[in-house]
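Scroll down for the structure; my scribbles are underneath it.
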Amino acid sequence: MQHITPSTYQNPEFPYARSADQDAPRPVRHRVVVVGAGPTGLVAALDLASQQIPCVVLCKNHTVSIGSRAICFSKRTLEIIDRVCPAAAKRMLEKGVTWNTGKVFYQERQVYTFNLLPEPGHKIPAFINLQQYYFEEYLIDAIQANPLIDLRWQHELTDVSQDAAGVYLNIQTPEGTYALEAEYLLACDGVHSRTREALSIPFAGERFEENFLIADIVMENEFPSERWFWFDPPFNPGNSALLHKQPDNVWRIDLQLGWDIDREKELDPDRIRDRIRRMLGPGVEFELEWTSIYQFRCMRIPNFVVQRVLFAGDSAHLVSPYGARGANGGIQDVDNLVWKLALVLKGEAPASLLHSYQEERSPAADENIRHSTQATDFITPKSEISRMFRNAALELAEIDEVVKKMINSGRLSNAFKYLNSTLTTSDLGDWAGSVQPGYPAKDVPLDRSGKTIWLSDLLGDRFVLACFDGPAGWPSGFDKLAGAPVLLDIRPAGADLEEACTDRDGLFAERYGALPGNWYLFRPDGHLAARGRTSDPKAVQDALDRSRGLANNGIRTTVSDKQPDYPFDDAYNMLLEAHAGLSLEQSHQLNTRLILLMLEQLGDKHNLIGLLARAQGGGAKYFD
């Protein structure tokens, strides 16, 4: 049968080149070897180079990804790219389709609109859509110009072992095999990781039975650059659908197909065209660009740090595409890992600091898997009662702001917050603002000498100590801290101090709850490590030592998230779990008892009257 391959993009071919290591009398030892040249491995290499750490990248292929594959790249990912390679980030933003808005439809009605970046004052948009092959191409162009990175095409890892002294690799090439050694190995070799297989590491999880069709099409139309998601649409009844715009007039269509399907039959181009015509209408002209069928899998390995082998991206964890948490999650992995590895390799931190990578990114993987699983359960209900809850939520979402937050068409990737970490210092007292220790930095525009400069441009690669409207003589006392953070002087709007940045729009003070004399310690990955009220070099040094793994004593912070991203998801899923295994009659009995018990929480009848009005207004047809 005919398989569809892209017509709007010509894959570059990168030739095999013999390395001098292949002619060495004994295995050459490198500080870091990266296995895999997908988004995660490429960003890892550039991040290592930004830390002045040379590396070898092994890639078994000779080109970038075939087909668009991952297309949604998040604000956090783009901020990371902008830090490690501003030129590549610029190309991505110029080529990509920028979007902040999404719309959700139930059958033929729009029930929900969301804006992922409703506030002003950010350099980077919420998301761009960009085919993975462009994403990889731009990173490879930067890598090929970087003398610290040795990217080797058609050099395939075949075996790996390790001991306390190093990692030992066997490599297959078109000219035969050779061996390498490394102080550390970054396993970024994807879902079919040879590294994971060679080390006999289990990759456990759940496979979902639903099948989904991806069809990228080329068409010209006036649809806006938004994410459109349908539940139970007339063109795909009982299932879901997704529409997204990409560059080059390419559109991503994702159609739920159901459980038991004939894959070959469903990939027939004529059958796919018929499905798309039912969605877009018979008069819309389009060409198929790329097609694929996939099933959800949510899987992970137990530990991302296996002695000197460090796993990142799909080699460590796998999630469904809904929510764009795959490539984005992998890039956040290396953002967390590389600065720690660089400190260890430079002798500025103990090797035990690497265990904080497992500590911080394992919960991030669990969160991504949880969101992915919950999205799958909402999109494809597994029982009649879960379908009833889902459909009732969709009905109510048209009129109720609270219920809108329960609609789960894929919780879109955002930055994980390292709230419970041995590297994060807890606050003393209450703070205003929307950022806590453990959060990623929230960008703001600043002014320096009459020119706009973004906070995100001033963070990264090093620890940064920012002081807001510091006392006279600042930074005296802070300029001799062990660990040498970069000092950043931020003043209120209107201040005129040479070399200081001014908070021209007041957004730093607003978002960080900043008052005169407050200080903020940012990690090399841009996450807020600690903050304090008054000028106190000892408190800063303690926080700096803690963040470098020098003085944390293994004690994690236990910080409550003041601004959870999806506050109703856990309660909604608790309801579904309570109904699991019950008959429909038993479910109705449980709901009846629950409502009666909740009357105590409602207080008086006026609260009940209000809730009844909301329920009847949102689902009036059920009460006719």
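The values are calculated or read from the model by the stated rules, or taken from the named source; none is laboratory data. Nothing here was measured: the structure is a model prediction, and the numbers come from that model. Reconstructed Cβ throughout: ideal geometry from the backbone, glycine too, with neighbour counts over all protein chains shown. The protein model used for the area step is the full one, side chains on, heavy atoms only, and it has no ligands, DNA or RNA in it. Shrake-Rupley method; radii C 1.70, N 1.55, O 1.52, S 1.80 Å.
Assorted remarks:
- For segment 414-539, relative contact order (Cα pairs under 8 Å, six or more residues apart, normalised by length) works out to 33 percent.
- Note on segment 69-126: Rg/Rh from C-alpha atoms, Kirkwood Rh, equals 1.08.
- Shape call, segment 1-66: gyration tensor on alpha carbons, a/c limit 1.5: oblate
- For the chain: accessible area per residue (Å², 1.4 Å): 43
- For the chain, convex hull of alpha carbons as volume per residue, Å³: 185
- Peptides 602-609, 158-165, 53-60 ordered by packing proxy, namely the average of other Cβ atoms within 10 Å per residue, highest first: 53-60, 158-165, 602-609.
- Dividing the convex hull volume of the alpha carbon atoms of segment 53-162 by its residue count gives 181 Å³ per residue.
- These residues, S583, S386, go from largest to smallest accessible area, 1.4 Å probe, as S583, S386.
- Sorting D274, D47 on solvent-accessible area from highest to lowest, probe radius 1.4 Å, gives D274, D47.
- Note on the chain: antiparallel DSSP beta bridges, both residues inside, total approximately 70 percent of the bridges counted.
- Net charge of Cβ neighbours under 14 Å - reference H192; Lys, Arg +1; Asp, Glu -1: 0
- Within segment 468-551, GluC sites (Glu not before Pro) in DSSP loop having at most 10 other beta-carbon neighbours inside 10 Å: E498, E499
- Length gained on full extension, Y16 to V284: 92.1 nm, using 0.36 nm per residue less the C-alpha separation.
- For segment 480-580, the fraction of C-alpha pairs farther apart than 19 angstrom is 60 percent.
- Estimated at the nearest 10 Å², the accessible area of W259 is 130 Å² with a 1.4 Å probe.
- Per-residue packing, averaged as other Cβ atoms within 10 Å, sorts the ranges 212-221, 180-189 into the order 180-189, 212-221, beginning with the highest.
- P(r) tail fraction, segment 100-158 - alpha-carbon pairs more than 13 Å apart, %: 77
- Segment 203-252 and segment 16-73 have their alpha-carbon centroids 32 Å apart.
- A straight line joining the Cα centroids of segment 114-187 and segment 565-609 runs 48 Å.
- As a rough guide to protection, the peptides 330-336, 529-535 ranked by mean Cβ packing within 10 Å, highest first, stand as 330-336, 529-535.
- Percentage of interatomic Cα-Cα distances in segment 330-460 larger than 20 Å: 65
- Segment 389-523: C-alpha gyration tensor shape, a/c 1.5 cut-off, then a/b vs b/c: prolate
- Measuring nothing but how far apart in sequence close Cα pairs (under 8 Å, 6+ apart) lie, relative to its length, the chain scores a relative contact order of 13 percent.
- Carbon plus sulfur fraction of accessible area for the chain, probe 1.4 Å, in percent: 51
- Volume of the Cα convex hull of segment 181-248, divided per residue and given in Å³: 193
- Size check on segment 528-624: the Cα extents along the three principal axes, sorted descending, read 68, 34, 25 Å.
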